[in-house]
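Chemist: Got a structure here, written out as structure tokens. Questions coming.
The values are calculated or read from the model by the stated rules, or taken from the named source; none is laboratory data. Everything numeric in this text was worked out from a predicted model, so none of it was measured. Glycine gets a Cβ as well: all are built from the backbone with ideal geometry, and neighbour counts include every protein chain shown.
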Amino acid sequence: MKLKMQMLPGTKAFNLLWVLLACLLTSSAKAGTKGFGEKPNIIFIYCDDLGFGDLGCYGNNVIRTPNIDRMASEGIIFTNFTVASPVCSPSRVGMMTGKYPSRLRFHGHLASLEANRKRGMTNYLDVNTTTVTKLLKSHGYVTGHFGKWHMGGPQDKNAPVPEAYGIDVSATVLSNGPPFKEPGDKRANSSFRIIQRTIDFIESNVDKPFFVNCWLIDPHAVLVPSKEQLDEYPELQSRAKGFTSTTQVYSAVVTDVDKQIGRLLDKLKELGISENTLVVFSSDNGPSPIWGVSTSHSGAGSVGPLRGCKASLYEGGIRMPFIVYWPGHVPEGKVDDSTIISGVDLLPTFCSIAGLKLNKELELDGQDMSEAFKGIPIKRTSPLMWEYRYSPWGRHIQKSPMLAMREGNWKLLMNPDGSRIELYNLKVNPCEVDNLASEYPEIVKKMSRELLKWHMSLPDKKFIPENAGSFYYPWPGKIKH
């Protein structure tokens, strides 16, 4: 016989029920993990050459980034996000396709046709490749792309325009499509112009679900901040009369990026669509080193505690800031130190959030990380792989081997010929200075077997240069002639 308890207002049982219900509601509100809803808007902001340690919310105490820091305080910071390549073109291809860029013959940045040929690279992304914009457009989204492209053109006049990849509206640089610049535009205004084109697109499509890539050029060299931007940092002015310091130049540009992103966030609130718009912020690869001729004045980018820089497979070249901002849907002020996310995960994640189920025949390398976007740390189901076939830049401490693999907290680096085997526990040693390869031979054996098998599946291995993954230094008395 079942007893039925009737709870009346004023009874202890009734009051207890309401206390418990109120606690649950309060907890849910604080967590901010409401369902994603049907076809939310998605904005992906991609900086160019911004370092892991360049933002206040990632530990920088020189550069002021209040708007991005606000995104972090009202959203989720991920500390284990890595891009698919330490340089721009393949990093972008990995995000757009959900595949390792080397599988698509993107082994480095696109350059001249002759340089691409010598490196065994394609000249542009195959127009038949599935992209996140094609998928979302087919799902009812209006799609836009503003700012940098660098996945084909203008070196190859036959490269398809961005619209061929499922993009409705574009205004870009390093493509054959419509340019975003207007007559008289200066480099110092690039972030303003790209953000403005993004805002214009949003205002034109405020009543439709939209997906937009807002891919900034800054802080990629060459940096030419205006006097007004430089005046944000008088304390960093060089003591040498008539000169600005590298730090002042770089800081001024990053702060302007932050200012323009603040305009975008304010516009979302003004339009009343903040709670229906997911904003994701990151960078395409690590900061440029100071040793290059064209990057010397922009070499103040910070990798924080990491080793490496742009063009290096050490963490400083591939581990980027990653912020998920979505008021009312993601936990506020959360730092996720455990979920390992890659640039190749963005396509399946964005599609999942949009309510689009993907066909397994796409053979993606990425994994749906939408649960992590809700604040629930998740574990990867497969390891991550990298290949960079060219000699890294900068000091020798930055010069990584050619291949890398991460599985859990373990990261293995090596060359295809078996040289330079390095093993690091990234949870204990994210700065990659304590090589544990000799202490864990079984882990090295297992991971190197998987990594070399993956490498053998990639195209165009005959184009691997002799200096790939080299650590050679012309030591006195041992200089090669």
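Chemist: Checking the conditions here, which among Ile68, Ile45, Ile63, Ile76 is among the β-branched types (Val, Ile, Thr), surrounded by 16 or more Cβ atoms within 10 Å (Cβ to Cβ), touching a Pro at 6+ places or on another chain (Cβ under 7 Å) and modelled with pLDDT of 95 or more? Let's see the steps before the verdict.
Modeler: Details: Ile68 fails: touching a Pro at 6+ places or on another chain (Cβ under 7 Å); Ile45 fails: touching a Pro at 6+ places or on another chain (Cβ under 7 Å); Ile63 fails: touching a Pro at 6+ places or on another chain (Cβ under 7 Å).
Testing whether each residue is among the β-branched types (Val, Ile, Thr), surrounded by 16 or more Cβ atoms within 10 Å (Cβ to Cβ), touching a Pro at 6+ places or on another chain (Cβ under 7 Å) and modelled with pLDDT of 95 or more leaves just Ile76.
Chemist: I'm trying to understand the selection: among the residues of the stretch 390-426, which are within 20 Å of the chain's Cα centre (by Cα) and in a strand (DSSP E or B)?
Modeler: Of everything in the stretch 390-426, those that are within 20 Å of the chain's Cα centre (by Cα) and in a strand (DSSP E or B) turn out to be Leu403, Ala404, Met405, Arg406, Glu407, Lys411.
Chemist: Restricting the search to the stretch 179-220, which residues are in a loop (DSSP other than H, G, I, E, B), surrounded by 15 or more Cβ atoms within 10 Å (Cβ to Cβ) and free of Cβ contacts under 8 Å to residues at least 60 places away in the same chain?
Modeler: Within the stretch 179-220, Phe180, Lys181 qualify.
Chemist: Any residue in the stretch 259-284 that's buried (at least 21 other Cβ atoms within 10 Å of the Cβ): show its pairings with residues that are of a type in the set (Phe, Trp, Tyr) and assigned to a helix (DSSP H, G or I) at Cβ separation under 6 Å, as long as the two are six or more apart or on different chains.
Modeler: From residues that are buried (at least 21 other Cβ atoms within 10 Å of the Cβ), the pairs are Gln260/Phe192.
Chemist: For residues in the stretch 369-402 being among the polar types (S, T, N, Q) and in contact (Cβ under 8 Å) with a residue 60 or more places away in the chain, which is farthest from Phe78 (Cα to Cα)?
Modeler: Restricting attention to the stretch 369-402, the residues satisfying the condition of being among the polar types (S, T, N, Q) are 370, 381-382, 391, 398, 400.
Applying the additional criterion that residues be in contact (Cβ under 8 Å) with a residue 60 or more places away in the chain yields 370, 391, 398, 400.
On the way: Ser370: 13, Ser391: 29, Gln398: 24, Ser400: 24 Å.
Among residues in the stretch 369-402 that are among the polar types (S, T, N, Q) and in contact (Cβ under 8 Å) with a residue 60 or more places away in the chain, the one farthest from Phe78 (Cα to Cα) is Ser391.
Chemist: When you go through Ser85, Ser138 one by one, which is the residue that is on the phi < 0 side of the Ramachandran plot, small (Gly, Ala, Ser) and crowded, with 24+ Cβ neighbours inside 10 Å? Write out each step before concluding.
Modeler: Details: Ser138 fails: crowded, with 24+ Cβ neighbours inside 10 Å.
Only one candidate passes the filter, namely Ser85.
Chemist: Kindly evaluate Met405 against the criterion of being without any contact (Cβ under 8 Å) to a residue 12 or more places away in the chain and on the phi < 0 side of the Ramachandran plot. Walk me through it before giving the result.
Modeler: Numbers: without any contact (Cβ under 8 Å) to a residue 12 or more places away in the chain: no; on the phi < 0 side of the Ramachandran plot: yes.
Against the criterion (without any contact (Cβ under 8 Å) to a residue 12 or more places away in the chain and on the phi < 0 side of the Ramachandran plot), Met405 does not qualify.
Chemist: Another question, then. Would you call Val161 more than 26 Å from Ile318 (Cα to Cα), in contact with a helix residue (DSSP H, G or I) (Cβ under 6 Å, 6 or more places away or on another chain) and free of Cβ contacts under 8 Å to residues at least 40 places away in the same chain? Walk me through how you get there before you give the answer.
Modeler: On the way: more than 26 Å from Ile318 (Cα to Cα): yes; in contact with a helix residue (DSSP H, G or I) (Cβ under 6 Å, 6 or more places away or on another chain): no; free of Cβ contacts under 8 Å to residues at least 40 places away in the same chain: yes.
Here the answer is no, as Val161 does not meet what is asked.
Chemist: Please find, within the stretch 303-338, the residue that is nearest to Asn285 (Cα to Cα) out of those that are crowded, with 22+ Cβ neighbours inside 10 Å and of a type in the set (Ser, Thr, Tyr). It would help to see each step written out before you state the result.
Modeler: So in the stretch 303-338, the residues crowded, with 22+ Cβ neighbours inside 10 Å come out as 303, 306, 308-326, 329-330, 336.
Cutting the leftovers down to of a type in the set (Ser, Thr, Tyr) gives us 312, 314, 325.
Details: Ser312: 9, Tyr314: 11, Tyr325: 21 Å.
Among those that are crowded, with 22+ Cβ neighbours inside 10 Å and of a type in the set (Ser, Thr, Tyr), it is Ser312.
Chemist: Can you pull out the residues in the stretch 401-426 that are hydroxyl-bearing (Ser, Thr, Tyr) and surrounded by 19 or more Cβ atoms within 10 Å (Cβ to Cβ)? Even if it seems obvious, please write down each step before you answer.
Modeler: The first filter runs over the stretch 401-426 and keeps only residues hydroxyl-bearing (Ser, Thr, Tyr), leaving 419, 424.
Passing the criteria: only Tyr424.
Chemist: I'm told Ala437 meets every condition in (1) in contact (Cβ under 8 Å) with a residue 12 or more places away in the chain; (2) exposed (fewer than 14 other Cβ atoms within 10 Å of the Cβ); (3) over 25 Å from the mean Cα position of the chain (by Cα); (4) over 22 Å from Arg395 (Cα atoms) except one. Can you identify the failing condition by its number?
Modeler: For Ala437, the exception is condition (2).
Chemist: Counting just the residues of the stretch 432-468 that are among the hydrophobic types (A, V, I, L, M, F, W, C) and in a loop (DSSP other than H, G, I, E, B), which one comes out nearest to Leu104 (Cα to Cα)?
Modeler: Just the residues of the stretch 432-468 that are among the hydrophobic types (A, V, I, L, M, F, W, C), to begin with: 433, 436-437, 443-444, 447, 451-452, 454, 456, 458, 463-464, 468.
Now narrow it down to the ones that are in a loop (DSSP other than H, G, I, E, B): 433, 436-437, 458, 464, 468.
Details: Val433: 32, Leu436: 33, Ala437: 31, Leu458: 9, Ile464: 16, Ala468: 19 Å.
By that ranking, first place goes to Leu458.
Chemist: Anything in the stretch 237-262 that is hydrophobic (A, V, I, L, M, F, W, C) and under 27 Å from Ile194 (Cα atoms)? List them, or say none. Before the answer, list the steps.
Modeler: The first filter runs over the stretch 237-262 and keeps only residues hydrophobic (A, V, I, L, M, F, W, C), leaving 240, 243, 249, 252-254, 257, 261.
Within the stretch 237-262, Val249, Ala252, Val253, Val254, Val257, Ile261 qualify.
Chemist: Looking at the stretch 372-388, is at least one residue under 25 Å from the mean Cα position of the chain (by Cα), surrounded by 17 or more Cβ atoms within 10 Å (Cβ to Cβ) and in a helix (DSSP H, G or I)?
Modeler: At the first step, the residues of the stretch 372-388 found to be under 25 Å from the mean Cα position of the chain (by Cα) are 372-388.
Then keep just the ones that are surrounded by 17 or more Cβ atoms within 10 Å (Cβ to Cβ); that gives 372-375, 378, 380, 383-388.
Among the residues that remain, those that are also in a helix (DSSP H, G or I) are: 372-373.
Within the stretch 372-388, one or more residues are under 25 Å from the mean Cα position of the chain (by Cα), surrounded by 17 or more Cβ atoms within 10 Å (Cβ to Cβ) and in a helix (DSSP H, G or I).
Chemist: Do we have Tyr250 as over 30 Å from Tyr165 (Cα atoms) and buried (at least 22 other Cβ atoms within 10 Å of the Cβ) here?
Modeler: yes
Chemist: Could you count how many residues in the stretch 342-365 are assigned to a helix (DSSP H, G or I), free of Cβ contacts under 8 Å to residues at least 40 places away in the same chain and more than 22 Å from His329 (Cα to Cα)? Break it down stepwise before answering.
Modeler: The initial filter retains those residues of the stretch 342-365 that are assigned to a helix (DSSP H, G or I), namely 343-353, 360-362.
From the residues that got through so far, the ones that are free of Cβ contacts under 8 Å to residues at least 40 places away in the same chain too are 349, 352, 360-361.
Right, trim to more than 22 Å from His329 (Cα to Cα) and you get 360-361.
So the answer is 2.
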